[in-house]
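K.L.:
Next up is a structure, given as structure tokens.
Each reported figure results from applying straightforward, stated rules to the coordinates on display, with no laboratory input. Small disclaimer: the values here were computed from a predicted structure and weren't measured. For neighbour counting, all protein chains shown are included, and Cβ atoms are generated from backbone atoms with ideal geometry for every residue, glycine included.
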Amino acid sequence: MKLCSQYSGVPLDRYSTKGQQKLLLISFDGFRWDYDRDVETPNLDRMATDGVKAKYVTPPFLTITSPTHFTLLTGRYIENHGVIHNMWFNIKTGEKQPYYATQFKNEWWDNGSLPIWITAQRQGLRAGSLHFPGTQSTYQGESQTVKDVEPRFYDYKNETKWRENVDKVMDTWFGEMDLDFVSLYFGEPDSTGHKYGPDSHERREVVKQVDRTVGYIRSSVERNGLSDTLNIIITADHGMSNVYRNGLVNEITLSKIPGFSFNDIAFHLVDFGPAGMLLPKTGMLDKVYNALKGAHPHLHVFKKEEMPERLHFAKNNRILPIILFSDPGYVINGFFPVQFHAGEHGFDNDEMDMKPFFRAVGPAFQKNLEVGPFETVNIYPLMCHILGIKPEPNDGHLDATKHMLVSATEEDSQDINSNIFVGLAAVAGFLVVVFIVLVSLNASKKETNYRGSDKSAPPRGKDETHQTAF
Ligand SMILES: [Zn+2]
């Protein structure tokens, strides 16, 4: 874990905007980086023209909803913030809770890392959250100034509800209540991507709905007179990839692998897309591992301690001793196939299909700028900077994103100008000293000559030539 201020090339307070700028962080769940390529998205395009667009961003591994959202809120890799799965589980009792119920498991979320809402409030700002994963929990006993938790059995796709939520955030929370930071979550296009696949007509239609909503949000910024103060970051938690089955591929089903038996397993999290975790019974670790390793060409099997460092998914007590993930196209089944989604996420975060999109607009951001990719851990220090607050220890760095900021460019160019000025002043000062020395030397020489020879002084032109030669 690193302190971002330790790694910054410039002091963070140099870019400070405290007390002036607000920030709205929006997540459209599962909005893959290239979803705007096969659909007309005039509002997202306009946002890119008015602000910044990243080619794509890289989420942390495991590329699933709650863990990656908590990385947005904390700037920490998943192994460091501890929300390691969408599901709460207890290895002693074997109990598991699904995504929605896990939102209400306070201890799952509040396990040491402080999300930006609480950090902002401790530094005098006011924060709100609507439907964002982690909203329900308290953190060290503290909660957002205002929050709206997603109702059970929520219709993710209802555009009227989307607009009501936008109105609540823009008109009431930012407009009337004057909040400084709000996180806002939409459950699409993830649901549609799962159900119909990322290449479907349905997914393209829901991307149009996202685009209309972005247009609606931006018009409500103007309506509420927030154009000069409110920054908006729109991104997502992960992408989406096609899954193949029904004889199209050799499916991964653990119970069919020779030498593997669920009798050797004390607790497991499988049948959850392309990733899984196993806790073998005492003394069974190597047997389970040796049976699975190399058993399927598209199944990756790691002991926790041999997980690739780049995935940052090992160093946490909640992570089980054996970690599995499959290549795109495949999911991991336990006893028999029970997963029927056309699209999935949870794959290696190196896979392009797992990369989310990123747009940002507002007074802190440059205009009409496209930047290269960066990791989503870096969004947290960017947000802290815009809000003018001191970040908690995190794995991100402002250096990864500061080139998007108006102040960075302006201040850098001011720096260059001031450096040139200082340089010129030094040279001029040196020349003045040299001039004075030469003049006084010449004067004394002239005086000496004059005195010594009783003849006329040397011609002035010669002296002038010497002086101008510097
Ligand atoms: Zn998601």
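K.L.:
Using the Karplus curve 6.51 cos²θ - 1.76 cosθ + 1.60 with θ = phi - 60°, what ³J(HN,Hα) values do you get for each residue of segment 208-225, in whole Hz, with x for Gly and Pro?
P.N.:
4, 5, 4, 4, 4, 5, 4, x, 5, 4, 5, 5, 6, 4, 5, 4, 8, x
K.L.:
What's the ranking of 292-305, 147-160, 111-124 by average number of surrounding C-beta atoms within 10 Å, highest first?
P.N.:
111-124, 292-305, 147-160
K.L.:
Also, I was wondering about something else. What ranking of K195, K367 emerges when the number of other C-beta atoms within 10 Å of each C-beta is taken as an exposure proxy, fewest first?
P.N.:
So the residues, fewest neighbours to most, are K367, K195.
K.L.:
For F340, what charge total do you get from the other residues with a beta carbon under 13 Å from its beta carbon, if Lys and Arg give +1 and Asp and Glu give -1?
P.N.:
Charge balance in the 13 Å sphere: -1.
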